[in-house]
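Each value in this text was obtained by applying a stated rule to the coordinates, not by laboratory testing. The shown structure was predicted, so the numbers you read here are calculated from the model rather than taken from an experiment. Note that each Cβ is placed from the backbone with ideal geometry, even for glycine, and that neighbours are counted across all protein chains shown.
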Amino acid sequence: MNYFKLGALLLCLSSFSTSSFAADSASNRKDATLYLGIQPIGMDIPDLIGPTGHLGIGLGENLIFGVEKNQPGALDEAADSSFYYETQGYWLRLFTGNSFYFKLGYHQRKWQFRTSNQGLWLFGNINSLWEDVDGVTRGEAKLASFGFGNLWHFDSHFYLGVDWAVFTKPLSSSYSGDVVSYFGYGSDAEAQRAIEERAKLHHDVMTGPGLAVLTLGFYF
């Protein structure tokens with residue numbers, strides 16, 4: 001199933017949930033001016049490994065502008081750094097009904113992973129047990145995004161949302177890989193090509209679409 005078919009299916013499910021979920025979101029949204037929340041998890045790798053905090057501002061009845069950022073920790077540029085992921089961005093939700101919205105976004109992402117066959121971190125090469133390259137992949141990207149979802153506003157001032165699907169388009173991106181050690185390859189050049197292929201795979205994963213991304217918090 002390609003992304004467009006999946007998106008159409010999720011759009012149908014989202015429309016059904018808009019009418020069936022018990023929350024008068026449209027009325028509650030009229031009085032909301034400030035949103036504080038988190039995006040703890042999603043069914044895609046970036047949202048699984050990089051939960052973000054959210055700050056949103058209501059711009060009238062049917063618009064919310066927001067910013068988000070994760071807590072990436074310290075980046076060690078040395079080759080022995082095992083994991084780093086940083087993301088921050090801006091988004092605009094446009095509501096067309098009780099809770100259904102379309103979402104436009106812009107994000108910057110940066111990552112660095114230590115990777116090998118043994119670690120299998122983010123899909124290290126598992127096709128062969130007779131060769132391995134241990135190394136570091138790095139990348140960064142600026143992304144535009146378009147998605148849709150539901151955001152339910154409850155009388156208790158709690159909100160719950162799901163970005164059912166978020167399609168991404170890299171505006172600019174780069175990636176690279178550095179070899180730390182290897183075995184089974186015939187030369188340094190072959191090992192370097194292998195880590196660069198893995199760096200491209202990590203790039204494609206980290207710039208890919210979002211799926212079923214949960215958001216929750218409080219509005220005021």
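Sorted from fewest to most neighbouring beta carbons within 10 Å, what does the list M206, M43 look like?
By the 10 Å Cβ count, ascending, the order reads M43, M206.
Between A144 and F218, what FRET efficiency comes out of the Förster formula 1/(1 + (r/R0)^6) with R0 = 25 Å and r the beta carbon distance, rounded to 0.05?
Calculated transfer efficiency: 0.30.
With the crude spin-label approximation of a point 7 Å out along Cα→Cβ, what separation in nm comes out for K110 versus I41?
2.9 nm
Taking the Cα of Q88, stepping 7 Å toward and past its beta carbon, and measuring to each backbone N in the range 41-71: which are under 16 Å?
Counting only backbone N, you get 51-56, 66-71.
For the pair D24/S172, report the inter-label distance in nm, with labels modelled 7 Å from Cα in the Cβ direction.
4.9 nm
If R0 is 45 Å, what FRET efficiency do you get for V180 and H157 from their C-beta distance, rounded to 0.05?
0.35
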